[in-house]
1. Given a cut-off of 27 Å, name the pairs among B:Lys22/B:Lys208; A:Lys66/A:Lys303; A:Lys79/B:Lys18 whose C-alpha atoms lie farther apart than that in the structure shown.
2. At the nearest 100 Å², what buried accessible area, both sides summed, do you get for B and A when the probe is 1.4 Å?
3. First measure r as the distance between the Cβ atoms of A:Thr401 and A:Glu254, then evaluate 1/(1 + (r/R0)^6) with R0 = 22 Å and state the FRET efficiency to the nearest 0.05.
4. Can you pull the three principal axis extents for the Cα set of segment A:56-195, in Å, largest first?
5. Once phi is turned into ³J(HN,Hα) by the Karplus curve 6.51 cos²θ - 1.76 cosθ + 1.60 with θ = phi - 60°, what whole-Hz value does each residue of segment B:179-193 show in order, with x for glycine and proline?
6. What size of dipole, in debye to the nearest 20, comes out for segment B:3-250 about its Cα centre when the only charges are +1 on Lys and Arg C-beta atoms and -1 on Asp and Glu C-beta atoms?
7. Could you check how much of the accessible area of chain A is carbon and sulfur, as a whole percent, using a 1.4 Å probe?
8. Find the centroid of the Cα atoms in segment A:260-305 and in segment A:374-414, then give the distance between the two in whole Å.
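The values are calculated or read from the model by the stated rules, or taken from the named source; none is laboratory data. Here the structure is a predicted model, which means the values were calculated and not measured. All Cβ positions, even for glycine, are placed from backbone atoms using ideal geometry, and neighbour counts span all protein chains on display. Surface accessibility is based on the protein's heavy atoms, side chains included, excluding ligands, DNA and RNA. Shrake-Rupley method; radii C 1.70, N 1.55, O 1.52, S 1.80 Å.
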Amino acid sequence: MSNFHHLVSRSGRTLLRNFQKVKKRDLQYVQLRNVSLVPELPESHEMLRSTCRDFAEGELKPIAAKLDKEHLYPTEQIKKMGDLGLMAIAIKEELGGAGLDYLAYAIAMEEISRGCASCGAVMSSHNSLYLGPLKNFGTKAQAEKFITPFTNGDRVGCFALSEPGNGSDAGAASTNARTNGDNFVLNGTKSWITNGYESEATVVFATTDKSLKHKGISTFVLPKPIKGLSLGKKEDKLGIRGSSTCNLIFEDCEIPKDCLIGKAGQGFKIAMMTLDEGRIGVAGQGLGIAQASLDCAMEYAEKRIAFGVPILKLQTIQNKIADMAMRIEAARLLTWRAAVLKDAGKPFTKEAAMAKLAASETATFASHQAIQILGGMGYVSDMPAERFYRDARITEIYEGTSEIQRLVIANNIIKEYSNKA
Amino acid sequence: MAMRALVGCKRVIDYAVKVRVKPDKTGVVIDGVKHSMNPFDEIAVEEAVRMKEKKLVSEIVAVSCGPAQCQETLRTAMAMGADKAIHVEIPAKEFELVQPIHIAKILAKLATDVKADVVILGKQAIDDDCNQTAQMTAAFLDWPQAVFAAKIEKDGDSLAVTREIDGGTETIKVNVPAVISADLRLNEPRYATLPNIMKAKKKPMEKKTAKDLGVDLTPRIQVISVEDPPVREAGQKVDDVDQLITKLKGLGRI
């Protein structure tokens, strides 16, 4: 009996200790919560939102349907976005960027994507995926060559991680980089590369030491075009047709040693960190598409008469409107929270994954419901609802599928709950 | 040339809003309605910024009269390139009865106080469409005026302003200091760049009241009623011109 009591009281003490540990962790988060759950944006961010919205409505919305129908890359629009500072939002001013925070990036992504999701795709891929690794791990020389000329919209870059043989399984990269004197030689194929055609530089992940498995992957940056690199055919996509997507085929592509970003073997870590940041941008894109869908549905529901009243007076439609609006608001708050955490230098991986998951699933939900509210009109290209539906779909796939996001979130939660001393 | 420009920015209901008359017919609904800078004032700010880029202007002072929210309008002006701002605070209720003559007096006093060399205003505001403030301001200052400007260029120590007139355009030579009002074709305003929006936060904004400037805002008008325009009547078809004339005479139209 005494043994049993001893056990109970010890586990009781352990429980109490863990409860206290959790409380301490929560307190940190309470302080953050006051900042990140602020319902109103700071004035500067509100102005930024307003400017991006005006720009999107004036410059992007009018041509979005044409870009989609004709698979046109928005060269002029990207240049104008560059002039505003949107193509290097989080890059330091000394390097030619706008020097803003990730909250600003998330807001800008939403407003731009609300006008045109293709422009949003080009913008997010360039800002987070291409500039990210260079910003966080690049040398000064690499910054001069590969960041500064790429800040004003004249040039974009791309990010090459996925391969025909692996997407979610990024650690299994088979593209390899062997050394040849003072150079690296790349061989392999990268697939699904956004901005593949228009980009003038690319960040590539290749295995330098196969025996180290995912710890043997390294990151490189190289200019395009370059000998040994050819492009596959432009993919014929369901949505975001204004952005080009293609394979990058490396055949004995020789690059100087100073093309290595960070240290050899750091590639996987760089990729994961970059994708974490990128998720906030894609969450913004999803929000923009979802918001545009809600706007489109509301405009239609105000005017369309059925059973003697505008359909927005009918309960079924009101249920849809409420669901769309609530999910958008929830995803937006998650996105802003992830951004604010990142800006505060706090861990944000879980929140970024939650934001991307929520926003992308909200985008597909909202665009689906928008078509439903528009009925037959939602099915034809006269109204933008069908384009939103097609554009939304990619947000659940790229930069980490929804399934991967769930794994990331679960792993973080498990870590939080575990009894690690 | 290096002039100092005073630019007026009025906060008005956004052009895209569906304006609704208040049920008590005393005015239009402004609560919760989106407001932004008067489009012609945006053109005025843009012109001042372009003149600064051409080194004709060395400093731009933006001014707005009205309730506290005018500060947002002024921040937008600074994000576009104005160097500093002056907010003449007038509470919302009082502001509803303020007329161009009051604003003109305020602007004239400020122009003298800040030692402006050129006052650039929008030709009219899209809420009242008065098209009076620039002209009155020039009169109070006893300065030359160049209104409906479509182009502003340097002409020695003066300005050559091309203005829109009924028959087309005319170009006049204007000595400085002068008052100019911006018309639609003067320029296309820029979007504020993201770095400039952030920089605008740090630019100085002064607060004043009409009393500080010695201007009496006593209303000279009383709004009796504000109503929707009458619903458009259906047209009538006639068979020939004679019938048309008979009908028009019968209606007392001719």
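1. B:Lys22/B:Lys208; A:Lys79/B:Lys18
2. About 1400 Å² of accessible surface is lost on pairing.
3. Working from the Cβ atoms, E equals 0.05.
4. Between the extreme Cα coordinates on each principal axis of segment A:56-195 lie 52, 37, 24 Å.
5. 10, 10, 10, 8, 9, 4, 8, 5, 6, 10, x, 7, 7, 5, 6
6. In total the dipole reaches around 880 debye.
7. On chain A, the fraction of accessible area on carbon and sulfur atoms equals 56 percent.
8. Rounded to whole Å, the Cα centres lie 10 Å apart.
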